[in-house]
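Enquirer: Quick one: the structure is below, and I'll ask about it shortly.
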Amino acid sequence: MPTIRQLIKKGRRPNKAKTKSPALSYYFNSIKNRPVDSASPFKRGVCVKVFTQTPKKPNSAIRKVARVRLTISAARATRSKSTRSSSSAEAA
């Protein structure tokens, strides 16, 4: 717990909000050889693995997850938004 004197001298800084998709918030500039912070909502990638996963303790479900290797060579796991179950997808 800071003292009044410490708060007067330094103050409180607000916490920065973390993004839920950090791989989409930057890209790599190969000419300047450094990453650039710029929002890119759509990126091209290759689906490496498709599997199901269960959430942490208080929640219960089977989530369809796809591990995607982006063109910036960062692998990210993304949850699929489809509402069809895997058994109906196989039949279709």
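Enquirer: Keeping to the stretch 1-40, report how many residues are touching a strand residue (DSSP E or B) at 6+ places or on another chain (Cβ under 8 Å) and within 22 Å of Val68 (Cα to Cα).
Expert: Going residue by residue through the stretch 1-40, those that are touching a strand residue (DSSP E or B) at 6+ places or on another chain (Cβ under 8 Å) are 21, 23, 25-29, 34-38, 40.
Subsequent filtering for residues that are within 22 Å of Val68 (Cα to Cα) retains 21, 23, 25-29, 35-38, 40.
Residues meeting the conditions: 12.
Enquirer: Looking at Ala23, Ala39 in this structure, which one is aliphatic (A, V, I, L, M) and touching a residue at least 24 places away in the same chain (Cβ under 8 Å)? I'd like the intermediate steps shown before the answer.
Expert: Numbers: Ala39 fails: touching a residue at least 24 places away in the same chain (Cβ under 8 Å).
Sole residue among the options that is aliphatic (A, V, I, L, M) and touching a residue at least 24 places away in the same chain (Cβ under 8 Å): Ala23.
Enquirer: Give me the strands (runs of 3 or more DSSP E) completely within the chain, filtered to those with at least 3 residues that are loosely packed, with under 12 Cβ neighbours inside 10 Å and modelled with pLDDT of 80 or more, ordered by residue number. Before the answer, list the steps.
Expert: Working: elements: 26-29, 34-37, 45-53, 63-70, 75-79.
Here the list reads 34-37, 45-53.
The values are calculated or read from the model by the stated rules, or taken from the named source; none is laboratory data. Just so you know, these numbers come straight off a predicted model, no measurement behind them. Note that we place each Cβ from the backbone using ideal geometry, even for glycine, and neighbour counts take in every protein chain shown.
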